[in-house]
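The values are calculated or read from the model by the stated rules, or taken from the named source; none is laboratory data. As the structure is a prediction and not an experimental result, all values here were calculated from the model. Note: ideal-geometry Cβ built from the backbone for every residue, glycine included; neighbour counts use all protein chains shown. Side chains included, ligands, DNA and RNA excluded: accessible areas come from the protein's heavy atoms. Shrake-Rupley method; radii C 1.70, N 1.55, O 1.52, S 1.80 Å.
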Amino acid sequence: MPRPILDESHMHPAIRDKVAGSRQTLVQEVMTAIRQHDVVVVGMAMNPFPKKARALLNTAGVPCTYLEYGSYLNSWRDRNALKMWTGWPTFPMVFVKGTLIGGAGELQALIDRGELKVLLDKPRSS
């Protein structure tokens, strides 16, 4: 089932630019990192799961780029833009070859099934 996203035709024209531009600098920064690196982990300070994801990748011998945005105490609006963009509700957000694979738990499952190596060997998705 596709994730519902409010179509622009159901937004008043006066707010469309505000919606389209909200916190997009951060989203563009993450998109650039995803284009430039095979594995990107997006996280936040004080959250143990981004650290766990990086440790899993390190143990698997997979280099990653880590982007950290604030903590539980700040930058939540910026992180919310990332959640709205991806639809993923928690941190970390782990991207492999341009594809969001989930968080630390999903990364662990991919490693356990041997699927991470398969994903890394595939050409990048567009």
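Just a few scattered comments:
- Cβ-Cβ distances below 6 Å connect the following pairs, each with a first residue in the range 96-112 that is more than 14 Å from residue 52 (Cα to Cα) and among the hydroxyl-bearing types (Ser, Thr, Tyr), a second residue that is at pLDDT below 95 and surrounded by fewer than 16 Cβ atoms within 10 Å (Cβ to Cβ), and a separation of six or more residues or different chains: 99/125.
- Residue list for the range 65-95, restricted to those being in contact (Cβ under 8 Å) with a residue 12 or more places away in the chain and among the charged types (D, E, K, R): 68, 77, 78, 79
- The set of residues in the range 25-82 being aliphatic (A, V, I, L, M) and either open to solvent by 90 Å² or more (accessible area, probe 1.4 Å) or under 18 Å from residue 124 (Cβ atoms) (or both) consists of 30, 31, 33, 34, 39, 40, 41, 42, 46, 57, 62, 73.
- Residues of the range 44-82 that turn out to be of a type in the set (S, T, N, Q), part of a helix (DSSP H, G or I) and within 14 Å of residue 27 (Cα to Cα), as a count: 1
- Of all residues in the range 83-126, those satisfying the criterion of being in a helix (DSSP H, G or I) and either under 16 Å from residue 63 (Cβ atoms) or open to solvent by less than 40 Å² (accessible area, probe 1.4 Å) (or both) are 86, 104, 107, 109, 110, 111, 116, 117, 119, 120, 121.
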